[in-house]
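Only one structure is covered here, and it is reproduced in the block below.
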Amino acid sequence: MTPVQRKLRDLFDDMSAGAPDNPGRIAQLERRIRRDSRRRSAGAALAGVSMLTAAGVLIPALLHPGPAVPSHEPTTAVQPAELPPRFTSGDGSAYRRLASTTLRARSAGEKKVSVTVPVSGKPLEVAVLCPEGDPVHMARPRMIVNGEPSHTWFQQCLTGQGMVLDSVSVPKGADEVTIAFDITDEVCEKDEPCPTRASGQPADWPPAVYEYTRPARPVEPDPIEAFPARLGTQQLAGQASGVWPRDSSFTLTATSPGGYFRIEHRCTGHLAGRLPITYQIGDEPSHGAWICGHRTLDETNGMLWTEKIPEGTKVTISGKVDVPVGDPDRQTRWSVAVWSSKIVKLAG
């Protein structure tokens, strides 16, 4: 059982203490679970836990001068049948494909493929089409640029299908780069112990490398949907918002009603699916980095819960917002919310 599951179980035990017996309650819960399972895939429900990673702190570059222009984000997502030779992203950046390949891990047992592309000075990104199948148990390749492993595991495929993109960190002064896609179980950083990950189900991945031309001016990301004032028994206790890279940290203070705090976030913009947010609760160590992908909020699908906190205790929740390999011209709007949950003993 994970720490989040343990905290949820403790919360439910406290809330149900002293409740009268109800022989039909289990059947009611089973019906609700079956209904929710049809509406939300297991991969999406587990994505928040699967995407917990370690993140470094970078100093964001300043925005280039010039006012922001209205957003060009599309209202509907289009899933292409194959990676296109050219396309324009939602924020107006023009993409051109430089090279493509296929990692045939399932059909041919391949572990690694690579392509070499020229460097013109324009930013580079890699695109893949997420394979069909269970995204949680699927082995995802890591990108390696000129022998240097990157942060990329194409985590966006955990919460959706279709084409996803990630940034390429180009070494300074390079005229060309060789980009490898490696699906082996161990990928080592230089001069560091070799991390391991469990073997996953093999799949065929069709990556491509693109360069893009930025829009003439930074594009203002779409507004973020407002957080609800209540989520079941949980009440909104505070929130913070900003636009990366201009705003890259936050601090919230809330008073405990005698229970738990729950933390959630939402983001918009081209880099929203790559933006990690790190959290620190009081003097506790950092809780790692959580990718700001799309999440459906409900009473039980919590992202991060605190321990039970005595009533009247003031709690400071702080965090950092940053993209490891981001483009400061491509802004990301973010919003963080904290809900409080009071433990109520039900009458017997």
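The values are calculated or read from the model by the stated rules, or taken from the named source; none is laboratory data. Predicted model only: the values in this text are computed from it and were never measured. In this analysis, Cβ positions are derived from the backbone assuming ideal geometry, glycine residues included, and neighbour counts consider all displayed protein chains. Keep in mind that these areas ignore ligands, DNA and RNA; they rest on the heavy atoms of the full protein, side chains included. Shrake-Rupley method; radii C 1.70, N 1.55, O 1.52, S 1.80 Å.
What residue, among those in the range 245-268 that are open to solvent by 10 Å² or more (accessible area, probe 1.4 Å) and in contact with an Asp or Glu (Cβ under 7 Å, 6 or more places away or on another chain), is farthest from THR306 (Cα to Cα)?
Only one residue tops the list, namely THR268.
Can you name the strands (runs of 3 or more DSSP E) wholly within the range 243-287 that have at least 2 residues being without any contact (Cβ under 8 Å) to a residue 60 or more places away in the chain?
Passing ranges, in order: 276-281.
For the range 194-219, which residues satisfy the criterion of being surrounded by 19 or more Cβ atoms within 10 Å (Cβ to Cβ) and either at pLDDT below 85 or in a loop (DSSP other than H, G, I, E, B) (or both)?
PRO202, ALA203, PRO207, PRO218, VAL219, listed by residue number.
With the checklist (1) open to solvent by less than 30 Å² (accessible area, probe 1.4 Å); (2) modelled with pLDDT of 90 or more; (3) not aliphatic (A, V, I, L, M) in hand, flag the one item LYS112 doesn't pass.
(1)
Among the residues of the range 135-162, how many are over 17 Å from GLU82 (Cβ atoms) and open to solvent by 60 Å² or more (accessible area, probe 1.4 Å)?
Adding up the residues that qualify gives 5.
So TRP290 ticks every box in (1) assigned to a loop (DSSP other than H, G, I, E, B); (2) open to solvent by less than 30 Å² (accessible area, probe 1.4 Å) but one. Which box is left unticked?
(1)
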